[in-house]
Amino acid sequence: MRTMRSVVADTLGEPSEVLRLQTRPLPEPGPGQVRIRVAAVPVHASDLHTIRGRYGFTPEFPTVPGIESVGVIDELGSGTDGLTVGQRVITIGVTGTWQEYVVADAGRVLPVPAGMSDSTAAQILANPLTAVILTGDELDVRQGEWLLQTAAGSTVGQSVIQLGVHVGFKTLNVVRRRSAVEEILALGGTAVICTEDEDLRERVADIAGPDGVSKAIDCVSGQVGADVSRALAPHGELVVYGALSTHRQTDPDKLTIPIFARSLIYETKTVRGFWLFRWFAETPQDRMVAAIDRTVRLADSGALRVPEGQPIPVEKFSEAVDLAEAPEHGGKPLLVFEP
Ligand SMILES: NC(=O)c1ccc[n+]([C@@H]2O[C@H](COP(=O)([O-])OP(=O)(O)OC[C@H]3O[C@@H](n4cnc5c(N)ncnc54)[C@H](OP(=O)(O)O)[C@@H]3O)[C@@H](O)[C@H]2O)c1
C-alpha cells in the first residue's frame, strides 16, 4: 500500500500539543476528482484557531488542517476532462491540505500560470483574494477615495495597499509598531498611523480632513476595531474580517468589539462582518470565478506581490506552527513536501 505524510490534529486543543506527523494511505480520486501531489501549503493563524475550536467551523477530529495548496495533478478520476496529469494547480476552498497528497473535485482546482512561484500560488486565495473582495465587491473603493485598514503589514494588508496603487484609491494604514511604518510607505501606502505612539481617532481626522474616511476594514477587533468605527465619517461602513487582538483569549465570549453606540446610531454607520468561507459557499459561481481570476491575473502581472513564504519541511511542522503567530513573523510559513 502506498502511503503519504499528513499533519494530523488528534483532538481539539492547543496545536503544539495535539498535532503530529502521521503516515496514512494514499487517497484515491473518485469520479470527477483529481489527486494532487502537494508542493507547498501555508500555515495561517486561522488554521491554528480551527484546531483550538475558535474558528467559524469546527471539523471532526482527528483532522488534517489547511485551507490552501499548490501542487501537481498526479492522478485523474473519470470525468475530469480539461485537466491533465502533470498540470500545476491550486485548490479552491478545499480543506485538509497539510498532507503530501490531496484529492479535490475537478471544479475546485485551478491551473496556475507558468511564471507564478509555488510560494505565491500556495497563498493566493486566503489573503490576496480577501483583499480583492473587500476592496471590490464588499466596499467598492473607487479611485481617489480613502480606505482605512488595520494590521496593514499583514499579508491581506499588503495586498490592499498594492490594490490601492493599482486602482488609485488612498490607503490609511494602521500598524502597531513604528518599525513597520517605512515598509508600508515603501509599498505604496498613502499614510500610516502607528498605535504604538499615536491616537488613532485624532490622526484619522488630521490625515483625512473634515470629510473623514467613509470606508474601513479591520482585522484586529477589540478596542482598535472600536476606535476605527468611531473614526468613520457619518454613513461610514466598516467591514470586520478578523480579531487579531483577541488571539490569546481562550474564552470565545471575549472575542468582542466595544462599539460606541452614540456614534453608530447618530452617525448612522454600518459595521458588518466578512468571512471567505461563507463567501465561497454563497457567492454565485460567475462572481466567484471573476474575483479569483482577477486575483490570479493581478499576481501574475506583478501588480499584486504576495510576500515570499518561508519554506519549512513538513517534518518540522511545529516550527511552522510557532512562526505563524509569532510577532513580526514576516512571510508566511510554508510547509513543503520533499520526497
Ligand atoms: N475573514 C476572512 O475571510 C479572512 C480571510 C483572510 C484573512 N483573514 C484575517 O486577516 C488577518 C490577517 O491575516 P494575514 O494572514 O494576512 O496576517 P499575517 O500575514 O500573519 O500578519 C499578521 C499581521 O497582524 C499584525 N498583528 C498581529 N496581532 C496584532 C494585534 N494584536 N494588533 C495589531 N496588529 C496585530 C502583525 O503585526 P506585527 O508585524 O507587528 O507582528 C502582522 O502585521 C487575520 O486575522 C486573518 O484571520 C480573514
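The values are calculated or read from the model by the stated rules, or taken from the named source; none is laboratory data. Here the structure is a predicted model, which is why all the values come from computation and not from measurement. Positions of Cβ are backbone-derived with ideal geometry, glycine not excepted, and every protein chain shown enters the neighbour counts. Note: areas computed on protein heavy atoms with side chains; ligands, DNA, RNA excluded. Shrake-Rupley method; radii C 1.70, N 1.55, O 1.52, S 1.80 Å.
For segment 290-311, the criterion of being in a helix (DSSP H, G or I), of a type in the set (S, T, N, Q), within 14 Å of the ligand (Cβ to nearest atom) and at pLDDT below 95 is met by no residue.
Please work out if Gly13 is out of contact with any strand residue (DSSP E or B) (no Cβ under 7 Å at 6 or more places or on another chain) and modelled with pLDDT under 95. Answer is yes for this residue.
Reported count of residues in segment 325-337, each being modelled with pLDDT of 95 or more and either assigned to a helix (DSSP H, G or I) or open to solvent by 10 Å² or more (accessible area, probe 1.4 Å) (or both), is 2. Do the conditions hold for Ile257, that is, is it touching a helix residue (DSSP H, G or I) at 6+ places or on another chain (Cβ under 8 Å) and not charged (D, E, K, R)? Yes: the conditions hold for Ile257.
Just a yes or no: is a residue in segment 158-169 under 28 Å from Glu282 (Cα atoms), near the ligand (Cβ under 10 Å from one of its atoms), in contact (Cβ under 8 Å) with a residue 24 or more places away in the chain and open to solvent by 10 Å² or more (accessible area, probe 1.4 Å)? Yes, some residue in segment 158-169 is under 28 Å from Glu282 (Cα atoms), near the ligand (Cβ under 10 Å from one of its atoms), in contact (Cβ under 8 Å) with a residue 24 or more places away in the chain and open to solvent by 10 Å² or more (accessible area, probe 1.4 Å). Can you confirm whether Gln123 is buried (at least 20 other Cβ atoms within 10 Å of the Cβ), farther than 23 Å from Ile217 by Cβ, under 20 Å from the mean Cα position of the chain (by Cα) and not β-branched (Val, Ile, Thr)? No; evaluated as a whole, the condition is false for this residue.
Under the condition of being under 22 Å from Pro258 (Cβ atoms), among the acidic types (Asp, Glu) and not in a helix (DSSP H, G or I), the residues counted in segment 188-220 number 4.
Any residue that is within 28 Å of Gly153 (Cα to Cα) and not in a loop (DSSP other than H, G, I, E, B) - is there at least one of those in segment 58-71? There is at least one residue in segment 58-71 that is within 28 Å of Gly153 (Cα to Cα) and not in a loop (DSSP other than H, G, I, E, B). Of all residues in segment 301-324, those satisfying the criterion of being surrounded by fewer than 17 Cβ atoms within 10 Å (Cβ to Cβ), within 21 Å of Val160 (Cα to Cα) and in contact (Cβ under 8 Å) with a residue 60 or more places away in the chain are Ala303, Arg305, Glu308. Once segment 247-289 is narrowed to residues that are small (Gly, Ala, Ser) and within 26 Å of Ser214 (Cα to Cα), the residue that is least open to solvent (accessible area, probe 1.4 Å) is Ser263. A single member of Thr97, Thr150, Thr155 is surrounded by 16 or more Cβ atoms within 10 Å (Cβ to Cβ), hydroxyl-bearing (Ser, Thr, Tyr), within 17 Å of Ile292 (Cα to Cα) and within 16 Å of the ligand (Cβ to nearest atom), and it is Thr155.
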